[in-house]
Amino acid sequence: MTYDNSIKKIAELYDARITSTKDAVKAAGQWGSDDFVPLICKEICSKIKLKQSDTILELGCGSGVLGNWIIDKCSKYVGIDLSSKMLNHFLNNSNKALDLIQGTTDLTGFKDNSFDIIILNGVTMYFSNELLANTLKEMKRVVSPSGVIFIGENIVPSGYFWEFVWFQNLSPTKQRLLLPYVKFRKWLAKNPKFAGKWKSIHNEISPKLIKEFFSENDVQQTNAAAFTVKKQQLGSKYKGNRRADFLIKFRGKII
């Protein structure tokens, strides 16, 4: 898939989601029920240690689930998203003054060192390798020298299996037995001719890639905020996916 086609596909996906549901949380996808939203937002804000004086750039802000939560808790909030319909929903369902831009995550148009915190939450699974690489470079460019980058809800190779509901519902014994099969089908699906039902637009991020890209800074990997909250609330009843959050703390950055 070409760069332009991957951009177009992401925009079309989210345009279709908000058109079909008219619900910000459902359209965003990763939040679950409305009851979880404030808890997940609090968890993310705790990870980034959000302060009232901080300036925030959210890439892939979508329908404003997280943006509406943090906008009053910082000095400046800017949201960027590809989907015009998601942005319109954000604008039309908020009673706050919003600074929103329709655009790509890899070309923000801001000056170097413009924001204290940059957030990219719940969208990397739709990024092509090229878009991901360019987005990481752009985030690194516009974050302040002592700033923070938060990349949330990432599918990592070790958690790939948990993206399948049927796999989550198997017993631990059956899960262990089927791990080689899932790995084989995942490898086979790289060829469109053999993908079948395993064809997916979901992509992974290697923790090694993130750590190497931001090697001069402090990189922390934790369970995704949504997983942490749902596990706390539901206990053993919650299975769910095994996504990861990356928090990168800058200490005098090198571009």
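The values are calculated or read from the model by the stated rules, or taken from the named source; none is laboratory data. Quick caveat, the model's predicted, so the values are computed rather than measured. Here Cβ is always computed from backbone atoms with ideal geometry, including for glycine, and neighbour counts include all displayed protein chains.
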Given (1) more than 19 Å from Ile117 (Cβ to Cβ); (2) without any contact (Cβ under 8 Å) to a residue 12 or more places away in the chain; (3) polar (S, T, N, Q), number of the condition Ser46 does not satisfy | (1)
Please verify whether region 163-182 includes one or more residues that are within 29 Å of Gln220 (Cα to Cα) and touching a strand residue (DSSP E or B) at 6+ places or on another chain (Cβ under 9 Å).
-> no
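Any chance region 161-171 includes a residue that's outside any loop (DSSP other than H, G, I, E, B) and at pLDDT 95 or above?
Within region 161-171, not a single residue is outside any loop (DSSP other than H, G, I, E, B) and at pLDDT 95 or above.
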Could you run through region 207-255 and say how many residues are surrounded by 11 or more Cβ atoms within 10 Å (Cβ to Cβ) and among the small types (Gly, Ala, Ser)?
-> 5
Does Lys9 count as farther than 30 Å from Asn191 by Cβ and not acidic (Asp, Glu)?
-> no
Would you check if Ile18 is touching a strand residue (DSSP E or B) at 6+ places or on another chain (Cβ under 7 Å) and within 28 Å of Asn134 (Cα to Cα)?
-> no
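So that you can scan it fast, the table gives a plain yes or no per residue for (1) modelled with pLDDT of 90 or more; (2) farther than 22 Å from Phe246 by Cα:
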{"position": "Met1", "(1), (2)": "no, yes"}
{"position": "Asn5", "(1), (2)": "no, yes"}
{"position": "Lys9", "(1), (2)": "no, yes"}
{"position": "Leu13", "(1), (2)": "no, yes"}
{"position": "Ala24", "(1), (2)": "no, yes"}
{"position": "Trp31", "(1), (2)": "no, no"}
{"position": "Asp35", "(1), (2)": "no, yes"}
{"position": "Ile48", "(1), (2)": "yes, no"}
{"position": "Thr55", "(1), (2)": "yes, no"}
Matching residues in region 205-221 - criterion: being in contact (Cβ under 8 Å) with a residue 24 or more places away in the chain and either assigned to a helix (DSSP H, G or I) or not small (Gly, Ala, Ser) (or both) = Ile205, Pro207, Ile210, Phe213, Phe214, Glu216, Asn217, Asp218, Val219, Gln220, Gln221
State whether the residues of region 139-150 include one that is within 19 Å of Gln220 (Cα to Cα) and either part of a loop (DSSP other than H, G, I, E, B) or of a type in the set (Ser, Thr, Tyr) (or both).
-> yes
State whether one or more residues within region 72-81 are in contact with a Lys or Arg (Cβ under 6 Å, 6 or more places away or on another chain) and surrounded by fewer than 23 Cβ atoms within 10 Å (Cβ to Cβ).
-> no
Any residue in region 133-145 that is more than 30 Å from Ile71 (Cα to Cα) and without any contact (Cβ under 8 Å) to a residue 12 or more places away in the chain?
-> no
Out of the residues in region 84-134 that are hydroxyl-bearing (Ser, Thr, Tyr) and more than 23 Å from Ile40 (Cα to Cα), state the one that is surrounded by the most Cβ atoms within 10 Å (Cβ to Cβ).
-> Thr108
Can you tell me which residue in region 172-202 is nearest to Ile48 (Cα to Cα), limited to those that are at pLDDT below 90 and surrounded by 15 or more Cβ atoms within 10 Å (Cβ to Cβ)?
-> Lys186
Region 221-255 - residue that is basic (Lys, Arg) and under 14 Å from the mean Cα position of the chain (by Cα) and, of those, nearest to Lys137 (Cα to Cα) = Arg243
